[in-house]
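Values in this text are rule-based calculations from the coordinates and carry no lab data. Because the structure is a prediction, the values reported are computed rather than measured. Neighbour counts are summed over all protein chains in view; Cβ atoms, including those assigned to glycine, are modelled from backbone coordinates with ideal geometry.
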Amino acid sequence: MKLINLPDKTPAQEFESDTLVWTAGVQANPMIRSTDFPLEPRGRVRVLPDLRIAGDEGIIENAWAAGDIAAVPDLTGSGLPDGTCVPNAQHALRQAKRLAKNLWAARWEKPSRTTSTRTWAPSPDSANGKV
């Protein structure tokens, strides 16, 4: 197994392994269920690609979400079967940056932009022994 440093992908460590166990928690915080925000079946807040919260009635003004609690549409087509981004740290970091920029844009009445990133998650099947 080869480990790399992110984001520059320089070698970090290498070791022998027959098994890789992934134990990341990628579930929306249960607290979100106590809100009135619109949720999808997995318990995440429904958002638009620009991270604004939206329900059946439309956009909820001044309400935004990102990270594990947000069901962000995956515009690349490489996400989950339901068409949303995988709730992992890589997406959460990118979403946080986009959210900050969109909050600034909203404050100054500028248009918001969508978040669209390629899904990347290491796995034994897809990484060819490299993580």
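Applied to the stretch 98-109, the Karplus parametrisation 6.51 cos²θ - 1.76 cosθ + 1.60 on θ = phi - 60° returns per-residue 3J(HN,Hα) values of 5, 4, 4, 5, 6, 5, 4, 4, 5, 4, 9, 6 Hz, with x for Gly and Pro.
Full extension of the segment from residue 86 to residue 35, taken as 0.36 nm per residue of separation minus the current Cα-Cα distance, would add 16.1 nm.
Amide H to amide H, with H built 1.01 Å from N, residue 72 comes under 5 Å of 85, counting only residues 5 or more places away or on other chains. Using the Cα gyration tensor of the stretch 27-127, with a ≥ b ≥ c the square roots of its eigenvalues, what is the shape: rounded (a/c below 1.5), prolate (a/b larger than b/c) or oblate (neither)? It is oblate, given that a/c is not under 1.5 and a/b is not larger than b/c. Here the label points at residue 76 and residue 56, each 7 Å from Cα along the C-beta direction, are separated by 3.3 nm in the simple model. As a proxy for reagent exposure, 112, 78 were ordered by neighbouring Cβ count within 10 angstrom, fewest first; the result is 78, 112.
Assuming a ≥ b ≥ c are the square roots of the Cα gyration tensor eigenvalues, decide whether the stretch 46-97 counts as rounded (a/c under 1.5), prolate (otherwise, with a/b larger than b/c) or oblate. Here the stretch 46-97 falls in the oblate category. Evaluating 6.51 cos²θ - 1.76 cosθ + 1.60 at θ = phi - 60° for every residue in the stretch 47-61, the Karplus couplings come out as 10, 8, x, 8, 6, 6, 6, 9, x, 5, 7, x, 6, 8, 4 Hz, glycine and proline recorded as x. Ordering 38-45, 100-107 by mean Cβ neighbour count within 10 Å, with the highest value first, yields 38-45, 100-107.
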